[in-house]
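Please treat every number below as a calculation from the coordinates, not as lab data. Note that the structure is predicted; figures quoted are calculated from it, not measured. Every residue, glycine as well, gets a Cβ built from its backbone with ideal geometry; the counts of neighbours run over all protein chains shown.
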Amino acid sequence: MAFSIRRLFSNLFLSVLIENNECIFYGRVFKKGKCVKTLNAKFTEVDPNNIDEKVITYIKNQEDSYYAVYLSIFFNFGTQGAVPTLKLENFDDYNISPEGLLNIKMQDKFSIYAKADDIIKAKNIFKDDYVDLIYSPIALLYSQLLKQGISDETTLYLYHHHDSCTLSIFSKGELQFATFFKIANITCTNDVEFTEEDISDIDNLIIQDEVQANSLDEFKSLEDMLDMDADSINSLDDESDSDEFEDLGYDINMPESNDVDMSVTIFGRDMNLYKYIQTAIKEYYNNPIYNADFVENIVIYDNEKISATFLQYLQAELFVETEVIQIETLHIMNDLMCEEIEL
C-alpha cells in the first residue's frame, strides 16, 4: 500500500439515511488504519425537501473536528431500478423509457438506472456539496448477494426499509430485473370511526382482498405499479399461531391495543407491499423477454422489522419459501465507503 499522509490523521466516514421524517447518521473515525471511534446521531421531524439547519450544523461540526469527512447518503429518491442490459438504448425492451436517466454498469452484467434530476437532488440535499457517495438500495442489495451468494434457483430478493423497498428477481444467478418503490401507508383521521367488528373481522378482510387480487386481469408494467394510488390499497391482517419467525425476534401477533390508527396503518402497509410483490411477479411471468421460471424462494434483507404475520401471509399466498436476513443499511454503506475511499 502506498504511503498516504491522510492515514496519520483522524478521518470520519459518515453514512446517512433519511426516511420516516428522521435523519440518522452512523460514522466511524479511522486513524493510522484503525477505527478509533464510532458516532451515532438522529434528528427527528426532518423534511427531506428542506433539511433543517440543525442537521447542516451537525455536519459542519464534524468537518471542524476531523482531518477529513466523507459523507454517503442512502438513495431513496424517485424512480430507479435495474435491467439486464448494459446499453441505455435497450431499456425500451423492458418498458423503461431511457429519457432523463443515468445508468451505471454493474460488473458488466446489468445496469442500475435512476433519474438524473433525482441524483442531483440527492447530491445537493445538504447543500454546499457535502455528499461524496450515493448508494442505491439496489447496489446495496447486490453487495450483500455477492457476499452471501446468489441462488441458482429463481429467487425474489427484497431490501426492506420502513417506507421503501427494493425488489429484484434473479434466475440462474443472473439478474432479471429490479425496481425500487415507496411503501404508501394507510392512515386514519379522528373523523373516521372504527368499531370492534371492523378490526376483528380479519377473515372477511382477507377474503375481500383475495377477490380483488384475483380480479387483476389487466397486465401492469413496473412503471404503472409505481404509480398505484395509495387510496386503492385495502387493509390486511392475518392471525396465525405459527412460530416460524419467532427466533428472529419478530412479533407474531399484531399489537393488542386500542390504537386503531396504528393497526390500520400496519394492515394497509403490509397489503400495499404484498400487492407490489404480486404485480412484480406477474410482470416477470407475463413478459416474454424474461423467459421466466417459477419463483421458488423469497429472501428479505430487512433493515426495519417486518411483521411476522405478513411473512406468514406471503408464504401462504405465493407458495414460496421465505427467508429473512436482518441488516443495518448504515453499516453496510460505511463498510463500502471504506472499500471505495482508500486512505
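According to the Cα gyration tensor, what semi-axes, each the square root of 5 times an eigenvalue, does the equivalent ellipsoid of the stretch 97-149 have, listed from largest to smallest in whole Å?
With the √(5λ) rule applied to the stretch 97-149, the semi-axes are 23, 16, 7 Å.
Approximating the spin labels as points 7 Å out from Cα along Cα→Cβ, the Lys34-to-Arg6 distance works out to 2.1 nm.
Relative protection proxy for 101-111, 8-18, from highest mean packing down: 8-18, 101-111 (other beta-carbon atoms within 10 angstrom). Across q = 0.15, 0.19 Å⁻¹, the stretch 1-90 modelled as identical point scatterers on its alpha-carbon atoms has Debye log10 I(q)/I(0) values of -0.71, -0.89, in the order of the q list. For the peptides 134-145, 287-298, 31-42, residues were scored by their other Cβ atoms within 10 Å and the scores averaged per peptide; the highest-first order is 134-145, 287-298, 31-42. The peptide list 69-78, 83-92, put in order of mean Cβ contacts within 10 Å with the highest first, becomes 69-78, 83-92. Counted over all Cα-Cα pairs of the stretch 70-122, pairs farther apart than 13 Å make up 57 percent.
With K and R counted +1 and D and E -1, the other residues having a Cβ less than 13 Å from that of Tyr290 yield a net charge of -2.
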